[in-house]
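FYI, it's all coordinate maths here, none of it is from the lab. As the structure is a prediction and not an experimental result, all values here were calculated from the model. A quick note on method: Cβ atoms are made from the backbone with ideal geometry, for glycine too, and the neighbour counts reach across all protein chains shown.
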Amino acid sequence: MIRLLQPLFRLPRAHKRLIQLVVDSVLIALSFLLAMLLRLDSWAFASQPAVWWVLPVVIPVSLLIFMRLGFYRAVIRYMSLKAVKAVLAGVAASTFALMVVNAIYQLPVPRSVPFIYAMLATLTIGGVRMALRSLYLRNQLRYKTRVLVYGAGAAGRQLVQSLRHGQEYEPVGFIDEAPWLAGTLVQGVKVYPAEQIERLIEDYGIEKILLAIPSATRARRREILERLEPLEVPVQSIPGMADVVAGRAQISELRDVAVEDLLGRDPVPPEPELMGANITGKVVMVTGAGGSIGSELCRQILRQSPARLLLFELSEFSLYRIEQDLAQIARDEGLEVPVHALLGSVQHRDRVQKILAAFAVQTVYHAAAYKHVPMVEHNVVEGLRNNVMGTRELALAAIEAGVERFVLVSTDKAVRPTNVMGASKRLAELVCQALATHQSRTRFCMVRFGNVLGSSGSVVPLFRRQIAAGGPITVTHPEITRYFMTIPEAAQLVIQAGAMGQGGDVFVLDMGEPVKIAELAGRLVRLSGLEPCFPTLDGAEAPLPAAEQGDIEIRFTGLRPGEKLYEELLIGEAVSPTRHSRIMTASEVALSWDEMQALLDALFHACQAFDAARIRDLLIHAPLGYHPQSPLVDLVWEQPQRGQTLQSA
């Protein structure tokens, strides 16, 4: 039957409408014939010509009414409640026309026939269309992915409605934990309790589970994902309601499960007083404005209504991108904040000082830095120049220009560093600490936190690409552990911590529980409907039981130069709470400005001479807690001609 109807479905719209007109004419005549037969229980009326005079009037009038109601503009395969209403209205009008013709011409048609005709016409005209729609959908079902929708609320209902109009997914059932919904029908789809998920997957061949719980907390979503993870069925989610309401996404846009849901920590709402203290009505500059943290700082700052926002960035493309992004936000949210995009390097004090003075900057958020551990390890001199010397030049320029607040964005890698990047960030902290006590014009503070999800160096996008390619997923070590936080939460906490600084403060953000990277990779694999396989690395124990067979291999590649197994947020144990539950302040060793200058001068000369060995020796003996765990791997220093080159220099 389906094959016979395929040519019909492929006909042009004009031909389909003509066929519908012919078929409806036949169905109207047939409905009238059956109505007379049911009423009179005899074929005697068929020999009376006057009985049939009604049809030449009723058929054209009925078809005209159907056309005026837009009945033939509706696509049968997408017929909805509105089309059903059009059928009922059209049949009612057709019945009325039959009654009028019968009354005017005094035809031998019993009075009850129009009512019987109305029921039969509704069944035939509407039934034929619903039958064709059902056949089409049944045919499409063979090519659709069978899915369960987790959540029978408003979002779940909208999702099911959208899926039914698409050609990819067929919703088989809802899963909802509300006991009063179990066994009920929502949008014609049965609601099942969560305990029956495994049975439904087996009985109905479920190929995917769609989360439709945008209002659930991250902690709740994490509980649900932990329950779904062992089922080896891909799990996807609809966008958050904030994105849907803002028009950034549609309810039917399915996405991979956000890694924030796997970590399951809900952000603490920001305190408005702290968010606006250093920003509202002030001139604010963000260095590294095009980076992961810098760009989010700019978005958060823009919404706090500064007098001006200066974007300072070395990369032209990154600067253009964040400028356009902020312009769009300002248009969408009706914000009238002057935004200025400025190219430059923090290492050039003249350029920075001119900008700070020209715009009378009051608050600086210093996020410009080289942050990728292996990259800085292979480019030691530039890493130190940018992260340390750049911070010094910017800080001195800020003091001279009369900047009120200077907030340094630091990292947990500055604690007992094993790599040059971490050592450079600890040196940057020491620069700010020394200047905080050396003068009183500018208040300096540092905010230290771990990895942020979705940053340019985040492992999660890499893992997703590797899963899509069929593996393997590369993890450096089975025991490597990191702290994670979302970029928006990190930016909000940086702003709030900066508002609490009194001068020389080192703030530490509460990053929650540390996460094993190998376990995170395994969870992403399982939620993709696949099974991870964990081998061992040089005799080290795998973090999870190794599988004899697996879909995606978790391959351990060994620690990279300068990489630590565990990150820390504190150097000592001296930590005090603040008014914010996620922000602490640490009391740590600091140098005087004279001591700091001497160390920086020695480092500067070593960088000028490109003496990587001397640089490492200075970092080891500085009060940084720096303990390198790998040999020098600077790409230029490693070249065979380095001795000759340095001697000639």
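Observations, loosely collected:
- Charge dipole (debye, nearest 20) of the stretch 145-263; +1 at Cβ of Lys and Arg, -1 at Cβ of Asp and Glu: 420 debye
- Trypsin sites (Lys or Arg not before Pro) restricted to the stretch 433-496 and DSSP loop, no more than 13 other C-beta within 10 Å: Arg441
- Taking Cα atoms only, the orientation of helix 316-333 departs from the longest principal axis of the chain by about 50 degrees.
- Counting only alpha carbon atoms, the long axis of helix 459-468 and the longest principal axis of the chain meet at about 40°.
- Cut-off under 5 Å, modelled amide H: who pairs with Gly529 long-range: Val233, Val235
- Calculated FRET efficiency, Glu316 to Leu462, Cβ-Cβ distance, R0 = 22 Å: about 0.30 to the nearest 0.05.
- Helix 54-68 vs. the chain, principal-axis angle (Cα, 0 to 90°, nearest 10): 10 degrees
- Under-5 Å amide H pairs with Thr145, H placed in peptide plane, nonlocal only: Tyr169, Glu170
- Summed side-chain charge close to Arg582 - residues other than Arg582 whose Cβ falls under 9 Å, Lys, Arg +1, Asp, Glu -1: -2
- Each of Glu168 and Arg68 was given a label point 7 Å from its Cα along the Cα-to-Cβ line. The distance between the two points is 4.3 nm.
- The GluC sites (Glu not before Pro) of the stretch 549-628 meeting both criteria, a DSSP state outside H, G, I, E and B (loop) and at most 13 other C-beta atoms within 10 angstrom of the site's C-beta, are Glu573.
- Taking a ≥ b ≥ c as the square roots of the eigenvalues of the alpha carbon gyration tensor, the stretch 145-263 is rounded, as a/c is under 1.5.
- For Thr486, residues with placed amide H under 5 Å, excluding near neighbours: Leu453
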